[in-house]
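*Asks:* Would you mind keeping the following structure in view while I ask a few things?
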Amino acid sequence: MFNRGRRLRINSAMRDLVRETSISPKDFIYPIFVVEGKNIKNEISTLPGNYHFSIDRLHEVIKEVKACGVRGVILFGIPNEKDCCGSEAFNDNGIVQQAVKKIAELDKDLLIVTDVCMCEYTDHGHCGILKGKDVDNDKTLEYLCKIAISHAKAGAHVVAPSDMMDGRVGAMRKALDSKGYENVAIMSYSAKYCSAFYGPFREAANSAPSFGDRKTYQMDPANLREGLKEVRQDIEEGADMVMVKPALSYLDVVREVKNMVDIPVVAYSVSGEFAMVKAGAKLGLIDEKRITLEMLLSMKRAGADIIITYYALEASKWLKE
Ligand code: PBG
């Protein structure tokens, strides 16, 4: 006797009824890049279909986000001025702060998440304050707290530290609470690996390190248990959601995190994952729509409650077809 598993696949009604996992626009967060200046909507060459927006044109993308049924955006700012300590990152009138205010005005129902990091704002491109050739962990924490408070003051609902300094979640929680922002949530990039998949983003955000790499703060792609340790630590420090990043090559980490925690798990499907699919599709090698929906589904199946993806808008349209 063998089991006739095919009985449960006989037709689409059966398959619809027995399907274990689903994806919806409500699962997605869409990344938006904001730049200084006026009347700018420039396509990002490494992220086709994604744009650099100036504040005065943000309404175009926010309208689309809403129309697609996507409920959240994560903001990345590209300032004109960079310096050693990323001053523009905690300028209350900085590019991200302006964008937060503008988006809150445009759509009060949208969840606004801000990326808290320094690499787009420092002239050396590292994610913190340098001491010699290394990033000074504890000094950087002071700056991350200033950034988080400044984002919260502008109206961000969630701050998402992506720097990978030790102790940042606890420090930011304390700082936010002390200023009366106890309702601002922390989505921690907890298991963030030192990945080649970030390449297209660094072009988009002009944030590549000018020397060295990020191996002393981002994690070794070989390590699963260490990722779990980072997640546990962030939860102890007060993270409301934890993230695994990248997503596609790290679905084992997503699954293990999901099994371990009782808070929402976020998977960030990063720029390199997006760019590979776009490039393959352009060459006619793959079916972009089917591949993308399968990738997103696999992230959900692995345990992600939320997926940050540059495909958020396109995938939402495909899901409605
Ligand atoms: C900032 C940051 C990065 C990404 C998100 N936040 C770049 C990096 O760590 O170098 C990457 C996102 C992507 O590749 O889509 N630290």
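*Asks:* So Val113 fits all but one of (1) of a type in the set (A, V, I, L, M); (2) touching an Asp or Glu at 6+ places or on another chain (Cβ under 9 Å); (3) open to solvent by less than 20 Å² (accessible area, probe 1.4 Å); what number is the exception?
*Replies:* (2)
*Asks:* Restricting attention to the stretch 267-311, which residues are under 22 Å from Val253 (Cα atoms) and either of a type in the set (Lys, Arg) or touching a Cys at 6+ places or on another chain (Cβ under 7 Å) (or both)?
*Replies:* Result: Lys300, Arg301.
*Asks:* Which residues, taken from the stretch 207-252, are of a type in the set (Val, Ile, Thr) and modelled with pLDDT of 95 or more?
*Replies:* Val231, Ile235, Val242, Val244
*Asks:* Might you let me know whether the stretch 133-143 holds any residue that is of a type in the set (Asp, Glu), open to solvent by less than 10 Å² (accessible area, probe 1.4 Å) and either within 16 Å of the ligand (Cβ to nearest atom) or at pLDDT 95 or above (or both)?
*Replies:* no
*Asks:* Please return the ranges of helices (runs of 4 or more DSSP H) entirely within the stretch 190-305 where 3 or more residues are surrounded by 15 or more Cβ atoms within 10 Å (Cβ to Cβ), more than 13 Å from the ligand (Cβ to nearest atom) and β-branched (Val, Ile, Thr).
*Replies:* In the stretch 190-305, the matching helices (runs of 4 or more DSSP H) lie at 251-260.
*Asks:* Kindly establish whether Ile55 is closer than 27 Å to His157 by Cα, open to solvent by less than 80 Å² (accessible area, probe 1.4 Å) and within 16 Å of the ligand (Cβ to nearest atom).
*Replies:* When the stated conditions are applied, Ile55 does not pass them.
*Asks:* Only one of (1) assigned to a loop (DSSP other than H, G, I, E, B); (2) near the ligand (Cβ under 10 Å from one of its atoms); (3) open to solvent by 30 Å² or more (accessible area, probe 1.4 Å); (4) modelled with pLDDT of 95 or more is not met by Gly180, so which one is it?
*Replies:* (2)
*Asks:* Mind counting the residues in the stretch 29-46 that are in a loop (DSSP other than H, G, I, E, B) and within 30 Å of Pro264 (Cβ to Cβ)?
*Replies:* Within the stretch 29-46, residues that are in a loop (DSSP other than H, G, I, E, B) and within 30 Å of Pro264 (Cβ to Cβ) number 2.
*Asks:* Same structure again: Could you tell me which numbered condition Cys117 fails, if it satisfies all but one of (1) within 16 Å of the ligand (Cβ to nearest atom); (2) at pLDDT 95 or above; (3) under 30 Å from Cys68 (Cα atoms)?
*Replies:* (2)
*Asks:* What pairs come up if the first residue lies in the stretch 134-146 and is over 19 Å from Val96 (Cα atoms) and free of Cβ contacts under 8 Å to residues at least 40 places away in the same chain, the second is outside any loop (DSSP other than H, G, I, E, B) and open to solvent by 80 Å² or more (accessible area, probe 1.4 Å), and their beta carbons are under 9 Å apart, counting only those six or more places apart or on different chains?
*Replies:* These pairs meet every condition: Lys139/Lys131.
*Asks:* Would you check which residues across the stretch 76-106 are open to solvent by 30 Å² or more (accessible area, probe 1.4 Å), within 16 Å of the ligand (Cβ to nearest atom) and in a helix (DSSP H, G or I) and list them?
*Replies:* Once the filter is applied, which keeps residues that are open to solvent by 30 Å² or more (accessible area, probe 1.4 Å), within 16 Å of the ligand (Cβ to nearest atom) and in a helix (DSSP H, G or I), the stretch 76-106 yields Glu88, Phe90.
*Asks:* Is at least one residue of the stretch 162-173 free of Cβ contacts under 8 Å to residues at least 12 places away in the same chain, open to solvent by less than 70 Å² (accessible area, probe 1.4 Å) and over 19 Å from the mean Cα position of the chain (by Cα)?
*Replies:* No - not one qualifying residue is present in the stretch 162-173.
*Asks:* Does Pro25 count as in contact with a Cys (Cβ under 6 Å, 6 or more places away or on another chain) and surrounded by 15 or more Cβ atoms within 10 Å (Cβ to Cβ)?
*Replies:* yes
The values are calculated or read from the model by the stated rules, or taken from the named source; none is laboratory data. Predicted, not measured: the structure shown is a model, and the values here were computed from it. Neighbour counts are summed over all protein chains in view; Cβ atoms, including those assigned to glycine, are modelled from backbone coordinates with ideal geometry. Each accessible area value is taken on the protein alone, full model and side chains, heavy atoms only, with ligands, DNA and RNA left out. Shrake-Rupley method; radii C 1.70, N 1.55, O 1.52, S 1.80 Å.
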